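Novice: Here it is, the structure in full.
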Amino acid sequence: MTITLQRSACFGACADYSVTIHGDGRVVFETDGEAADSASGLHRAMAFSSGVLVRGRHDDRIDPAAVAALVQQFRDAHFFSLRDEYTAQITDNPTYVLTIDTGHGKKTVVDYVGQKVGMPRSVSHLQEEVDRLAGTARWVRGAEGLVEALAATGFDFHSREAAVLALNGVSSADDSTLVDLIERGAPLEMRLSDLDPSVQSSEYAGSALVRDAISYGRPALFQALVTRGWLERLGAAEANAAFARFAAGCNPVMVDVAISSGVAVDPPPAQRRPPSDDDSNDHLEGSALANLATTYQCRDEATRVAVAERLLAHGADPNRRNARGQTAIFGVENIELLNLLLANGADPRVLDYDGNSAVFGSWTDTIVLRLLQSGASPIGHYYDGRTLTEQARERNMPRTAIWLMAHPSATALPD
């Protein structure tokens, strides 16, 4: 008896692997096998990542009784009565292929965004159960248990591969996995160019890893590196820049840990940049509090607000300007975050060096109205040259439009 789940590549970095669970408890996880279909093969050829942290073949064993319980879940889901394929007319997504072979019968269900075309949720649940029982998260993202599994195979934790694994895993692996890799001797004294010949950098792996720990908000990893002297070796300027640019990885604990270790809550004042310069790198000279509004590191809005609270508690200046003259209220799209900044002294009247207020960084009706009510200037232009009145009409901002009609003098230019 076997149960096999194959997850394919996509237009992106979807995890591309297959895992087979045998009736006697044997588990085989593999990457680089045959593609699920022609589209998956094309995605695999073009993908910048396989989406799997530890590639190759990995064997394990689980309790046969757990396998029997999984087979019962297939029966309960009436798996053999389902259609063979559920394919939505959508592009660039991964394909999931789930197969069970009882020895008396075999059934495969192909899922390509299947729930969009009537596939029961039970199929996705079965896929998740296969992953959970097989422990694929260890190999895919570096979940707890990876280090022990590697140790069981005789993996050399003092090897180049161990350092590469730590660096590649910083964005996904559990803290316990990363710290354990370091404690078992991952060679952080190796230079990046020695780990990857395509990288033209003589920086030490340990220095790069502490920067990444700050950027991705990994406090336990950060502390393990600090105790080994890597923060000092990275240098204050680099650490401060990473903290500001990525807003402490949008982790409130990272804020506390980093600042207690000497990282600056605000970087030095930014030099004013000429209007003709490209503004795509403004975040490089912004503060963590200012970059927080737009960073993709935040996975939910409640955490974004929690990080702002910790930064403010440590004395972050909500009115510190970046190279464009913008402060922390520019670009905010979260009303709770905006209210928090205003309550902690953010000046809504401030204009950037182009003469525009924070109003012109948003076309969200609630945000713009709150700024106007707080005293932000409605005089100025959006990036496309439109005035607030024009944008309110084009973007369907009814409350802002009502405010503008009720305050005609506010948009009147001085003589």
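Novice: Using the Karplus curve 6.51 cos²θ - 1.76 cosθ + 1.60 with θ = phi - 60°, what ³J(HN,Hα) values do you get for each residue of the range 309-319, in whole Hz, with x for Gly and Pro?
Specialist: 4, 5, 4, 5, 5, 8, x, 4, 8, x, 10
Novice: Kindly put H381, H78 in sequence by how many other C-beta atoms sit within 10 Å of each C-beta, fewest to most.
Specialist: Exposure proxy ranking, most exposed first: H78, H381.
Novice: Continuing with the same structure: Out of residues 5 or more away from Y353 or on other chains, whose amide H comes under 5 Å of its own, with H placed 1.01 Å from N in the peptide plane?
Specialist: Correct list: G325, Q326.
Novice: Can you sort E183, E238 by how many other beta carbons sit within 10 Å, fewest first?
Specialist: Numbers: E183 12, E238 17.
Listing E183, E238 from fewest to most nearby Cβ atoms yields E183, E238.
Novice: With Cβ to Cβ distances under 14 Å as the rule, what net charge do the other residues near T411 carry (K, R +1; D, E -1)?
Specialist: Spelling it out: positives minus negatives among the neighbours equals +1.
Novice: Using +1 on the beta carbon of Lys and Arg, -1 on that of Asp and Glu, and nothing else charged, what's the dipole of the range 1-160 about the Cα centre, debye to 20? Please report the intermediate quantities before stating the final value.
Specialist: Working: 16 positive and 21 negative charges, 35 e Å.
Charge dipole of the range 1-160: 160 debye, to the nearest 20.
Novice: For V52, what charge total do you get from the other residues with a beta carbon under 15 Å from its beta carbon, if Lys and Arg give +1 and Asp and Glu give -1?
Specialist: Value of the local net charge: +1.
Novice: Right, something else. Rank L165, L221, S198 by how far each Cα sits towards the positive end of the charge dipole of the chain (+1 on Lys, Arg Cβ; -1 on Asp, Glu Cβ) and give me just the farthest.
Specialist: Ranked along the dipole, the leading option is L221.
Novice: Per residue of the range 185-199, what does 6.51 cos²θ - 1.76 cosθ + 1.60 with θ = phi - 60° give for ³J(HN,Hα)? Whole Hz please, x for Gly and Pro, Karplus curve as stated.
Specialist: x, 3, x, 6, 7, 6, 8, 4, 5, 7, 7, 9, x, 6, 8
Novice: Something else about it: List the residues whose amide H sits under 5 Å from the amide H of R26, counting only those 5 or more places along or on another chain, with H placed 1.01 Å from N in the peptide plane.
Specialist: Those qualifying (amide H under 5 Å, at least 5 residues apart or on another chain) are I62.
Novice: Please report T400, T387 as a ranked list, fewest other C-beta atoms within 10 angstrom at the top and most at the bottom.
Specialist: Ordered from fewest to most neighbouring Cβ atoms within 10 Å, T400, T387 come out as T387, T400.
Novice: Now, a different point. Tell me the mean residue ellipticity at 222 nm calculated for the chain from its helices only (DSSP H runs of n ≥ 4, each -39500 (n - 2.57), averaged over every residue, nearest 500).
Specialist: Details: 19 runs with 167 residues, N = 415.
About -11000 deg cm²/dmol.
Novice: Next question, about the same structure. Once phi is turned into θ = phi - 60°, what whole-Hz ³J(HN,Hα) does the Karplus curve with 6.51, -1.76 and 1.60 give for every residue of the range 67-77, x standing for Gly and Pro?
Specialist: After applying 6.51 cos²θ - 1.76 cosθ + 1.60, I find 5, 4, 5, 5, 4, 5, 5, 5, 5, 4, 7 Hz.
Novice: For the range 146-234, what is the Kirkwood estimate of the hydrodynamic radius, computed as the reciprocal of the mean inverse distance between distinct Cα atoms, to one decimal in Å?
Specialist: 12.9
Novice: Around S374, under 11 Å between beta carbons, what's the net of Lys plus Arg minus Asp minus Glu among the other residues?
Specialist: +1
Novice: Also, quick follow-up: Taking the Cα centre of the chain as origin, sum charge times position over the Cβ atoms of Lys and Arg (+1) and Asp and Glu (-1), and report the length of that vector in debye to the nearest 20.
Specialist: 520
All of the numbers you see were taken from the coordinates with simple rules; none came from a lab. Here the structure is a predicted model, which is why all the values come from computation and not from measurement. Please note: Cβ atoms are built from the backbone with ideal geometry, for glycine as well, and neighbour counts cover all protein chains shown.
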